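The values are calculated or read from the model by the stated rules, or taken from the named source; none is laboratory data. Everything numeric here is computed off the predicted structure, so don't read it as measured data. Cβ placement follows ideal geometry from the backbone for every residue including glycine, while neighbour counts extend to all protein chains displayed. Surface accessibility is based on the protein's heavy atoms, side chains included, excluding ligands, DNA and RNA. Shrake-Rupley method; radii C 1.70, N 1.55, O 1.52, S 1.80 Å.
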Amino acid sequence: MASRRVSSVLSRSFTSASLFSAGRSSSVARGIGKYSTDASIEEPIIPSVKVNYTQLLINGQFVDAASGKTFPTLDPRTGNVIAHVAEGDSEDINRAVSAARKAFDEGPWPKMTAYERSRVLFRFADLVEKHNDEIASLETWDNGKPFEQAAKTEVPMLVRFFRYYAGFADKIHGLTVPADGEYHVQTLHEPIGVAGQIIPWNFPLLMFAWKVAPALACGNTVVLKTAELTPLSALYVATLLQEAGLPPGVLNVVSGFGPTAGAALCSHMEVDKVAFTGSTDTGKKVLELAAKSNLKIVTLELGGKSPFIVCEDADVDKAVELAHFAVFFNTGQCCCSGSRTFVHERVYDEFIEKAKARAEKRIVGDPFKGGVEQGPQIDSDQFQKILKYIDYGIKSGATLETGGGRLGTKGFYIKPTVFSNVQDDMPIAQDEIFGPVQSILKYKDLDEVIRRANTTRYGLAAGVFTQNIDTANTLTRALRVGSVWINCFDIFDAAIPFGGYKMSGHGREKGIYGLSNYLQVKAVVTPLKNPAWL
């Protein structure tokens, strides 16, 4: 599948339909009313997939945690236990790093030809395609995202990312550099060594791909710590990498908690690089631990409070739909969510009414049911955090247009929520809520909206909706963010780099830029005797 087709399913633009909009006109959708507590919320569908992998993967073997401890991973639809997973800690990180270090220093992986490495990654991608629905079922069960999203978008994107970087494996090379004097100068691009990687719970499969694929393509070995809330899909796909021919110790997967396993990985003296995706507060701790240990290289993809700017020339119906997608996609649990919706005063009132109506049509229910757009939040803590911010919005004087509470009596479902009359100093306009809450703010002109959009500690992404190319160009260059989407949102093509300004992180993932995170550049200088030319 071409990268554009894969990414377009995940994204939304005003020129194309989306997988997730189709459900609203289906027979399922017609039978569900405003904020329906569809029976499938109360009586969840039982997935057919079995949980076969709950241990740690170290040196090619599934093993128990050294302590013997396990922890439960929960179904966010009910709060019930899906499985008990091995709880790795510092001793298990030591074992995993030791295996990765030996695999790098003595094993065949970095010594293979780049072509042979690429063949392993291509075989893995083929195996993922073969097991698409099983992997998607685990992702939905553990995370709560719609099965259609996981099966038709996210698993295919994992495949695309691995094929993209598999294709790059034998195209990594240095340069011949002219120098002043009789010297031959060349640069070598070498694998960095043992990469520690920590992935979040909101997109477990995609973050596995963003991190593991470029690291392996460059010839590194990896110790991956899964999010404690969503360990199951990474453990499953790791077995497929082994089946594809990945040597033991090249990829090690440790499930566990941040203060124990995560901290041990970040501070380990034999880890050469750490890549982390998660909150800004945790990212600061990762950076501190890396600096205090061996000053290892760190890539951080952190939080955001992205502006979505609707200009005065907007087609309001199309702008409402795209802004709705920008906020509510993945149940609002997205670092680049367009959660600050800036609307020009000329179209503000019309936009409010239509945004409210669109939110009230959103289909919330069991994510295994066809046509459902929104499943539950990930767990009780996130659920309570979102409700707390909704309460902040009400108390600080914003107008609650719709939503604002729990949906159903089981699990962690929240009504799609829309606030109007939001001011910049309100918590719902400043903080990353990570939930289905749209904050709509009014503005008068471009200078004002640029200033207000940039007045944030974050700088991950922004959306712009306009028919004027000059307006688009002005905003593109003025917004201090890593990605600007014009008349579209959440385009996550394998070739497009992603990362943030300010407190949204360091470095870029995806595309050719993602390779530099896992390579060292070495200069080699050799004297020339009687050169024919310089």
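Odds and ends about this structure:
- Unit charges on C-beta of K, R, D, E only; dipole of segment 307-493, Debye: 500
- Within the chain, percent of DSSP bridges classed antiparallel, to nearest 5: 45
- Cα centroid of segment 82-143 to Cα centroid of segment 195-235, whole Å: 8
- Degrees, to the nearest 10: 204-217 long Cα axis against longest axis of the chain: 20
- Distant-in-sequence amide contacts of ILE199, defined by a placed amide H-H separation under 5 Å and a gap of 5 or more residues or a different chain, comprise LYS225, ALA227.
- Entries in LYS361/LYS510; LYS69/LYS388; LYS69/LYS152; LYS69/LYS145 that, when Cα-Cα distance is taken, lie over 30 Å: LYS361/LYS510; LYS69/LYS388; LYS69/LYS152
- Charge tally in the Cβ shell below 12 Å around ALA65, where Lys, Arg are +1 and Asp, Glu are -1, ALA65 excluded: -3
- Cα lying deepest toward the dipole's positive end in the chain, options TYR236, PHE492, TYR443, charges on Cβ: PHE492
- Whole-Å distance, taken between Cα centres, linking segment 436-467 and segment 397-429: 19
- Relative contact order %, the chain, counting alpha carbon pairs below 8 Å whose residues are six or more apart: 20
- Of all DSSP-defined beta bridges confined to segment 307-493, some 15% are antiparallel rather than parallel.
- Neighbours of ASP281 by Cβ distance under 12 Å: Lys/Arg scored +1, Asp/Glu scored -1, total 0.
- Accessible surface of the chain [probe 1.4 Å, protein heavy atoms]: carbon and sulfur percent: 51
- Packing rank of 224-237, 241-254, 87-100, where each peptide gets the mean count of other beta carbons within 10 Å, highest leading: 224-237, 87-100, 241-254
- Taking packing as the residue-averaged number of other Cβ atoms within 10 angstrom, the listed peptides 313-321, 326-334 run from highest to lowest as 326-334, 313-321.
- With Cα atoms, 0 to 90° folded angle of helix 114-130 axis to the chain main axis: 30
- On Cα atoms only, tilt of 132-143 relative to the major axis of the chain in degrees: 60
- Around the amide H of GLN438, modelled in the peptide plane, lie the amide H atoms of THR417, VAL418, PHE419, all under 5 Å away and 5 or more residues distant in sequence or on another chain.
- Scanning residues 5 or more positions from THR456 or on other chains, none has an amide H under 5 Å from its amide H, with H placed 1.01 Å from N in the peptide plane.
- For the chain, a simple Cβ point-charge model (Lys and Arg +1, Asp and Glu -1, everything else neutral) yields a dipole of about 360 debye relative to the Cα centre.
- Positive contributions from Lys and Arg (+1) and negative ones from Asp and Glu (-1), summed over other residues with Cβ under 11 Å from the Cβ of LYS444, come out at -2.
- Protein heavy-atom accessible surface, 1.4 Å probe, per residue over the chain: 39 Å².
- Positive-end ranking of ALA100, ALA462, TYR183 along the dipole of the chain, with charges on Cβ about the Cα centre, is headed by TYR183.
- ³J(HN,Hα) computed for each position of segment 522-527 - Karplus, 6.51 cos²θ - 1.76 cosθ + 1.60, integer Hz, glycine/proline x: 10, 8, 10, 10, 10, x
- Label sites at ASP391 and TRP533, each approximated as a point 7 angstrom past Cα along Cα to Cβ, lie 7.6 nm apart.
- Highest mean packing first, where packing is the average number of other Cβ atoms within 10 Å per residue, the peptides 299-312, 173-186, 417-430 line up as 299-312, 417-430, 173-186.
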